[in-house]
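The structure under discussion appears below in the form of structure tokens.
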Amino acid sequence: MAAVIAFIIIGTVVASSCSKGKSQTINPVEVVSVVGPLSPINPGGPVLRITLKNVSNTSIESLSSALSINSTQNKPFNFNFAVSTSNPLLPGNEISSPQLTLIGGGFDSDTFYPLEIVGLFQKGGNFDYTVQVTITPPPTTAVTSTVTSNPVQTTTTGTKVNGLELTLTLNKPNYSPGEQITISIDEKNILPANNKLMVANKWRIKGLNLGPCGVINYPFGIVVLLGNYDVTSLTSISPLQLYDPNAVYNCPLIISGITAYEFQPDSDTAAIYTGADSNPLTLDMNTKVSTSGSWSGSPKTIFNNFSPGIYTAIAGDEWGNIVSIHFTVN
């Protein structure tokens, strides 16, 4: 008997920073997030925290950054990181600055600001470059295994990385067991000009997909978790199996050798480039995923409707953008 498919894909085939200049330039340190204003609220100015990641293959023994925003002092705000010769930032590791009050400073959440990043490699050599960043508000939901509040929402927008905005939307926040849940994913260029990004493979979560055929031709995917999570603590997660691993599926055409995506100005429409293609395929970067439960068991699998509780859907993309949304089943 053919397996029942409880996972549906709808749609067309397909921190936060953006580097100045060509999008394919690889900098040794990546901006994970610039978050603020943080509590406690200070009347003298907003409180911010910056998180950076060493994406090079060499340890870093000195690291600082300078953020230029609207300020009565008319000078950048310096953020220092606990990095030294005896405590280097190893390749692949992240580090956050202490919270800093920007006295006399102010910012808009939808505006890009220059962030200068300066450092020294442990094996010799230095770097000094500037990227454009947006400042995002802190998560409003804490990670917990026992939930006493209801953190559901119908739309959430992620951090803006490389000029892209990743958004998740639910058709509603609360569901009954067995009811179909539809999650919409959209990735949009928020810049007023074309935005061409090389494929980066900077996925921050393993197992992101849009169904049994993977992410198909999109630069993003999702996972669904049982529990209340936020994107600041995802070191150990167990995504639910949303499709039957033993079933046979007819996958749509998947483009081989994608090298870049070029988004139109202020749009979620993008051209997909491959190494051998001079005529890219233009597609809308939005889709929907629908499911009412998950599969479990091995080797024989069983489909179960989502049990009552709080669930977290998390989306991530090629360039390290990540966003979460919550729903309840009761």
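Points worth noting:
- Overall Cα dimensions of the chain - principal axes, largest extent first, Å: 69, 54, 39
- Couplings for region 240-251, taken from phi via the Karplus curve 6.51 cos²θ - 1.76 cosθ + 1.60 with θ = phi - 60°, read 6, 7, 8, 9, 6, x, 8, 7, 9, 10, 8, 7 Hz in order; Gly and Pro are left as x.
- When each of 172/196; 160/196; 75/196; 53/202; 123/206; 206/288 is checked by Cα-Cα distance, pairs over 22 Å: 172/196; 75/196; 123/206
- Student exercise, region 173-215 dipole from Lys, Arg, Asp, Glu Cβ charges, in Debye to nearest 20: 320
- Residues 30, 187 arranged by fewest to most Cβ contacts within 10 Å: 30, 187
- Selection from 301, 260, 311, by position along the positive dipole direction of region 182-330 (Cβ): 301
- Full-stretch length increase - residue 174, residue 300 - with 0.36 nm per residue and alpha-carbon distance subtracted: 42.3 nm
- Inter-label distance for residue 279 and residue 96, nm, one decimal - labels placed 7 Å from Cα along Cα-to-Cβ: 5.0
- In this structure, the amide hydrogen of residue 69, modeled 1.01 Å from its nitrogen in the peptide plane, lies closer than 5 angstrom to those of 77, counting only residues at least 5 positions away or on a different chain.
- Think of each Lys and Arg Cβ as +1 and each Asp and Glu Cβ as -1; about the Cα centre, that makes the dipole of the chain roughly 440 debye.
Read-outs: derived from the displayed coordinates by stated rules, not from any lab. Since we're looking at a predicted model, the values are computed, not measured. Please note: Cβ atoms are built from the backbone with ideal geometry, for glycine as well, and neighbour counts cover all protein chains shown.
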